[in-house]
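Structure, as structure tokens:
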Amino acid sequence: MASGKLSPRQKMINLMYLVFIAMLALNMSKEVLSAFGLLDNKLEKASVATTERNAAFMDGLAAKVEEQPEKYQPLLQKAKQVNTISNDLSSYLETIKTGMMKTVKDPTDYEVQDKPDYLDQLFFKGDKYTKEGQAFIDKINGFRTQMNEILGDSYPDIKKAINENFSTNPVTNRDGKKVKWLNYNFEGFPLIASKTKLTQMQADIKTTQNELLSKMLAGEQASQLSMSKFQAIVVPTKTAFFSGENFKGKVVLGKFDNTLNLDKVVINGREVKNFEAGQVVLDFPAGNVGEKDIKGELQFKEGDSIVKIPVESSYVVIPRPNSAVISADKMNVVYRGVINPMTISIPGVPTITASAPGLSPAGKPGKYNMNVTTVKGREVTIKVNGKLPTGDLVSDSKTFRIKDIPRPMGTIRGEDGNGGCVRMQRQGLEISSVGAALPDFDFDLSLRVTGFSFKVPGQPTIKINGNKLNSAAKAALRRAKRGETVQIFDINAKLASNSGYKLKRISAICIELTN
């Protein structure tokens, strides 16, 4: 409008337009300031109403705690935590608002509250935050973190709202640039606009607090009515059965309530006053060996009448075992290099647990396998634990010696010479196999010979791979005379079932030639 050559009249008209636009902008600014003030006033009133509802909720919850303390006390404690955290941040924001309003004469005159100076000076110092500005950020972050810790994995919708409404992450402005949250929301804004934002934050705190407290109570009440509170209870006709008998009993649904209070309990003619977590705790002498009855009744007051629920059950008293029976199926020791079968049990106890280095279940009840090949030392202890039908624990242990597999004896044609020499014809020796055996050993082990040394008197020793004479050994054998003794020694053998186990040195064999 001001470019080019204009007449004095046109210049005057343009100036009037500028003045008119400025007046419109000034009026609009005042209307916006008034709108912020009215909005702030409504938020304040709504926040007061929410605060009253929260207070009424806490009073109601406190009353429930007096009626059923064990059920509602944990909920009250969590509600108090939520209240403390929420009220702390709300009070802090109220302090800032009070400081803002001290800068104006009339807090209801919104049109004069257009200066940003108070919060700009309180929160910002150049491009950085003041101490108060950083404290403001920390307070909001602390509220969000503490509320998330209380919520845990519960109430994801409330948790999401808290993380969104109280996020202090950088914000993208209309130009697409990232701006710090505090700068974006409070730097350069009119006083009334900033006050309204703070009031909105207080309203969000109170609303979040109210929603969370309401859902916590509704969740507890729904939980008490949920079928998940019921348990299937197996009620046998008696608590012990003999082998060959049929199990007899029934399955019922029972609801466990740790707030349950009974008016009177009589068991076997005696009144019981021992209650624990909503249950009647029975504790009396079991009596002599045999089957015993449990009879009595539970009494509740229901209105003006007394409801009686009969109690009928039985149990069996058996002698208390005081030791475990542990025996090796083969011998009193366990051997390295082999699987030692074990039988482990406790008389009168159907289920036990046994533990020791190298011990593992063998599939059938009471049957175990023990491999002590890698166990260091010369002893191993087996520990056994079990639980009696009465619930009492029984434990015992036994120590076993660990031995190596005995020294094998060399054999030829299955014979070991029985301490002397084996008498053979040279033709028979040529075709016979060299072996190794474990006489009188309780485990049936297969030993595989992999090599040996062969010696004919007056001739060099021959090293042989395998378990039969090779051509060089046969040639040397043919040069031996009748009645001479040849030797087989340095016999190498391996366990067929455990090739990694190193056997003791195998005894040599002497053969007397008969032709």
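The values are calculated or read from the model by the stated rules, or taken from the named source; none is laboratory data. If you're wondering where the values come from, they're calculated on a predicted model, not measured in any experiment. Note that each Cβ is placed from the backbone with ideal geometry, even for glycine, and that neighbours are counted across all protein chains shown. With ligands, DNA and RNA removed, areas are computed over all heavy atoms of the protein, side chains included. Shrake-Rupley method; radii C 1.70, N 1.55, O 1.52, S 1.80 Å.
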Quick one: would you say LEU43 is open to solvent by less than 60 Å² (accessible area, probe 1.4 Å), modelled with pLDDT under 80, in a helix (DSSP H, G or I) and at negative phi? yes
Take the residues of region 199-212 that are surrounded by 22 or more Cβ atoms within 10 Å (Cβ to Cβ) and of a type in the set (A, V, I, L, M): which is nearest to ILE85 (Cα to Cα)? ILE205
Does ASN185 satisfy the condition of being surrounded by fewer than 16 Cβ atoms within 10 Å (Cβ to Cβ) and either modelled with pLDDT of 85 or more or within 28 Å of LEU151 (Cβ to Cβ) (or both)? no
Which one of these is more than 30 Å from ASN268 (Cα to Cα), surrounded by 16 or more Cβ atoms within 10 Å (Cβ to Cβ) and either of a type in the set (Val, Ile, Thr) or at pLDDT below 90 (or both): VAL380, VAL316, VAL349? VAL380
Consider only pairs whose beta carbons are under 6 Å apart and that are at least six residues apart or on different chains; among these, list those whose first residue lies in region 340-352 and is within 17 Å of VAL316 (Cβ to Cβ) and whose second residue is among the aromatic types (Phe, Trp, Tyr) and part of a loop (DSSP other than H, G, I, E, B). none
Residue set LYS463, LYS504, LYS455; condition among the basic types (Lys, Arg) and in contact with a Gly (Cβ under 8 Å, 6 or more places away or on another chain); output residue LYS463
Counted residues, region 156-198 - those being closer than 21 Å to ILE85 by Cβ, in a helix (DSSP H, G or I), touching a Lys or Arg at 6+ places or on another chain (Cβ under 8 Å) and polar (S, T, N, Q): 1
Is it the case, given these coordinates, that LYS102 is open to solvent by 70 Å² or more (accessible area, probe 1.4 Å), touching a Leu at 6+ places or on another chain (Cβ under 8 Å), charged (D, E, K, R) and farther than 26 Å from ASN83 by Cβ? no
Out of curiosity, is GLY358 at pLDDT 90 or above and surrounded by 15 or more Cβ atoms within 10 Å (Cβ to Cβ)? yes
Among strands (runs of 3 or more DSSP E) completely within region 430-490, the ones holding 1 or more residues that are open to solvent by 20 Å² or more (accessible area, probe 1.4 Å) and free of Cβ contacts under 8 Å to residues at least 24 places away in the same chain are 462-465
Number of the condition not met by ILE150 [criteria: (1) touching a helix residue (DSSP H, G or I) at 6+ places or on another chain (Cβ under 7 Å); (2) farther than 18 Å from ASN83 by Cβ; (3) open to solvent by less than 60 Å² (accessible area, probe 1.4 Å); (4) part of a helix (DSSP H, G or I)]: (2)
Name the single residue that is farthest from ILE306 (Cα to Cα) among those in region 274-286 being loosely packed, with under 10 Cβ neighbours inside 10 Å and modelled with pLDDT of 75 or more. PRO285
